[in-house]
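The values are calculated or read from the model by the stated rules, or taken from the named source; none is laboratory data. Since this is a predicted model, take the numbers as computed values, not measurements. Using ideal geometry, Cβ is built from the backbone for each residue, glycine included, and neighbour counts are taken over all protein chains shown. When the accessible area is computed, the model is the full protein with side chains, heavy atoms only, and any ligands, DNA or RNA have been set aside. Shrake-Rupley method; radii C 1.70, N 1.55, O 1.52, S 1.80 Å.
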Amino acid sequence: VIIPADPKAIANHAYGGRMGNKEFGEGYDYRGMGWIQLTGKENFTKAATSMGIPPKQLLENREDVGYQAEAAMAYWRDNNLNEAESVDAATRVINRHTNSYDERRQKYAELSEVF
């Protein structure tokens with residue numbers, strides 16, 4: 001018997017009780033969003049504040065590409081990622097536990113040729 005995954009339960013288990021998520025259900029509500037997969041109520045709140053909007057507005061518009069782009073830029077700016085000395089250094093700030101370091105270096109090299 002195959003039982004389908006429950007995304008809400010998984011996100012609440014993975015993110016509940018950390019990254020500013022305190023209330024039941026916030027793990028799912030504040031799961032990864034947008035270009036850098038902004039995660040956690042704390043990060044949503046910081047990004048929204050930097051964007052000059054209420055956190056609830058960012059949460060309610062998580063599927064909107066404009067909000068996704070602006071939230072990613074706010075996170076990048078607020079964490080001084082332009083000052084990062086390498087792709088690996090930026091990755092450690094965004095998600096130090098990822099296993100995508102090689103892929104990120106490759107994408108950076110490809111984009112560097114275009115831009």
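Nonpolar atom fraction for the chain, defined as the carbon and sulfur part of the 1.4 Å probe accessible area, stands at 52 percent.
Note on the chain: dipole from Cβ charges, positive end direction compared against Ala84, Asn99, Asn43; the farthest Cα belongs to Asn43. Other residues whose C-beta falls under 14 angstrom from the C-beta of Arg96 contribute a net charge of +1, scoring Lys and Arg +1 and Asp and Glu -1. Solvent-accessible surface of region 6-100, taken per residue with a 1.4 Å probe and all protein chains present: 62 Å². On the basis of the beta-carbon distance and an R0 of 25 Å, Asp6 and Asp102 show a calculated FRET efficiency of 0.20.
The dipole here belongs to the chain: it is taken about the Cα centre, uses +1 on the Cβ of Lys and Arg and -1 on the Cβ of Asp and Glu, and is about 340 debye.
Projecting label points 7 angstrom from Cα along Cα→Cβ for Leu111 and Val87 puts them 1.0 nm apart. Computing volume of the Cα convex hull per residue in Å³ directly from the structure and comparing it against (i) 104; (ii) 143; (iii) 114 singles out (ii). Remark: spin-label model distance Asp78-Gln57 equals 1.4 nm, labels positioned 7 Å along the Cα→Cβ axis.
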